[in-house]
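Below: the structure, in structure tokens.
Only the coordinates and a few stated rules stand behind these numbers; no lab work does. Not measured: the values here are computed from a predicted model. As a convention, Cβ positions derive from the backbone with ideal geometry for all residues, glycine included, and neighbour counts pool all protein chains shown.
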Amino acid sequence: MKNLCILCDDANVIEARERCISVMPVVDTERLNRVLTFKRSKNPDFEPPGHLKIPVSATGEYPATHWFCFITVNEETHQKMLDNQLHTIIEEGAPSEFLAKYGLSKIKTY
């Protein structure tokens with residue numbers, strides 16, 4: 001399994017999210033829906049997980065200049081992502097080191 005950091009600039013994030021969906025493994029949607037329903041009941045502002053959903057910027061404040069996510073995938077999915085990538089940077093590593101490398105910080109959302 002590989003731990004991947006994925007980064008995309010704000011201008012291209014919608015297309016990059018759509019491209020990610022086409023290569024990600026199918027999930028157990030019934031189980032996922034139960035988990036999401038539970039989380040929404042605890043926090044009405046809860047946003048479902050997805051790719052490139054973490055806003056980042058050089059200052060760690062809005063507006064977001066880039067979008068980030070961290071996922072674990074198998075080798076086959078990793079290769080599909082690399083073959084399909086457009087507008088994204090995909091690298092193995094720790095999120096904090098990856099973001100520091102590009103001079104970015106997570107934007108705190110409350």
Here the gain from full extension of E18 to A100, 0.36 nm per residue of separation minus their alpha-carbon distance, amounts to 26.9 nm
Placing each pseudo-label 7 Å from Cα in the direction of the beta carbon, A58 and D9 end up separated by a distance in nanometres of 1.3
